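Visitor: Got a structure here, written out as structure tokens. Questions coming.
The values are calculated or read from the model by the stated rules, or taken from the named source; none is laboratory data. All figures in this text were calculated on a predicted structure; none of them were measured in a lab. Using ideal geometry, Cβ is built from the backbone for each residue, glycine included, and neighbour counts are taken over all protein chains shown.
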Amino acid sequence: MSKKTGFYLLFFTVLVVGFYYFLFQGTDNWKVKMPVLSYVQPFQFKNQDGNNFTDKDMLHKITVVEYFFTTCKGICPKLNTNMKDIYEVYKNEPDFQIVSHTCNPGTDSVSVLKHYADSLQVNTKKWIFLTGRKDSLYQMARGSYLLDDPKNNVEKIEDQFIHTQFFALVDREGKIRGKIYDGLKSLEVEQLKQDISKLLKDK
């Protein structure tokens with residue numbers, strides 16, 4: 001192949017690459033193809049340090065969301081063992097966080113959540129624990145994160161109790177992405193890790 005032919009091939013390749021770059025730049029075509037299931041609605045809760053934590057604190061972060069309660073002897077210890085594994089993988093990622101909501105705010109006060117967080121030996125700037133009004137917490141679980149069936153809110157709030165094994169994944173724009181992951185199944189936890197990695201790469 002002559003130098004002239006090689007030059008034209010190189011020029012054509014650069015031209016094609018440049019064309020597609022400008023064609024797709026600024027559009028969603030560069031973004032990770034992962035279903036959008038829902039959106040984070042406005043909220044304000046208290047974290048383990050007694051500070052306000054709102055939906056704005058989730059923007060520009062990839063967030064894994066769960067519901068649990070500190071006195072649970074059933075599924076919660078297993079769930080948070082799996083969540084700790086996720087935490088260890090991504091704890092040094094500046095754009096990653098975990099947000100755990102209590103489903104038993106009558107017991108899980110700010111100080112109780114602080115003690116629980118300390119027992120896990122985690123950085124509470126990366127793994128945040130939230131408490132607040134029960135009706136608000138449950139509305140978020142059902143309306144935003146899809147972690148419980150909305151039909152369950154027909155009873156009086158004081159008679160309700162969410163005990164869910166599922167995790168939700170939220171992107172930088174406050175969209176719930178991918179699927180609702182079963183935190184007790186190792187294959188789904190691994191899938192969650194893969195999807196976290198995809199979203200972290202998607203700037």
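Visitor: All but one of (1) in a strand (DSSP E or B); (2) out of contact with any strand residue (DSSP E or B) (no Cβ under 6 Å at 6 or more places or on another chain); (3) among the small types (Gly, Ala, Ser) hold for residue 136; which doesn't?
Guide: (1)
Visitor: Do you know which residues across the stretch 145-169 are in contact with a Lys or Arg (Cβ under 7 Å, 6 or more places away or on another chain) and either closer than 15 Å to residue 76 by Cα or of a type in the set (Val, Ile, Thr) (or both)?
Guide: 157
Visitor: Can you pull out the residues in the stretch 58-104 that are assigned to a helix (DSSP H, G or I) and touching a residue at least 60 places away in the same chain (Cβ under 8 Å)?
Guide: Those that are assigned to a helix (DSSP H, G or I) and touching a residue at least 60 places away in the same chain (Cβ under 8 Å): 58, 78, 79, 82, 83, 85, 86, 89, 90.
Visitor: Could you run through the stretch 50-91 and say how many residues are basic (Lys, Arg) and more than 14 Å from residue 196 (Cα to Cα)?
Guide: Residues that pass the stated criteria total 4.
Visitor: When you scan the stretch 38-57, how many residues do you find that are assigned to a strand (DSSP E or B) and surrounded by fewer than 16 Cβ atoms within 10 Å (Cβ to Cβ)?
Guide: Qualifying residue count for the region: 4.
Visitor: Considering only the stretch 147-186, state which residues are of a type in the set (A, V, I, L, M, F, W, C) and under 21 Å from residue 96 (Cβ atoms).
Guide: 147, 166, 167, 168, 169, 170, 176, 180
Visitor: If I filter the stretch 131-142 for residues that are among the hydroxyl-bearing types (Ser, Thr, Tyr), more than 20 Å from residue 59 (Cβ to Cβ) and in contact (Cβ under 8 Å) with a residue 12 or more places away in the chain, do I get at least one hit?
Guide: For the stretch 131-142, residues among the hydroxyl-bearing types (Ser, Thr, Tyr), more than 20 Å from residue 59 (Cβ to Cβ) and in contact (Cβ under 8 Å) with a residue 12 or more places away in the chain: present.
Visitor: Would you mind stating whether residue 18 is farther than 17 Å from residue 175 by Cα, modelled with pLDDT under 95 and either exposed (fewer than 14 other Cβ atoms within 10 Å of the Cβ) or among the aromatic types (Phe, Trp, Tyr) (or both)?
Guide: yes
Visitor: Same structure, new question: Looking only at the stretch 154-203, filter to residues that are in a helix (DSSP H, G or I) and aliphatic (A, V, I, L, M); which one of those is surrounded by the fewest Cβ atoms within 10 Å (Cβ to Cβ)? Explain how you work it out, then say what you get.
Guide: Going through the stretch 154-203, the residues in a helix (DSSP H, G or I) turn out to be 154, 157-159, 186-201.
Okay, now just the ones that are also aliphatic (A, V, I, L, M), so 154, 157, 187, 189, 192, 196, 199-200.
Details: 154: 7, 157: 13, 187: 9, 189: 18, 192: 23, 196: 21, 199: 23, 200: 18.
The extreme case among them is 154.
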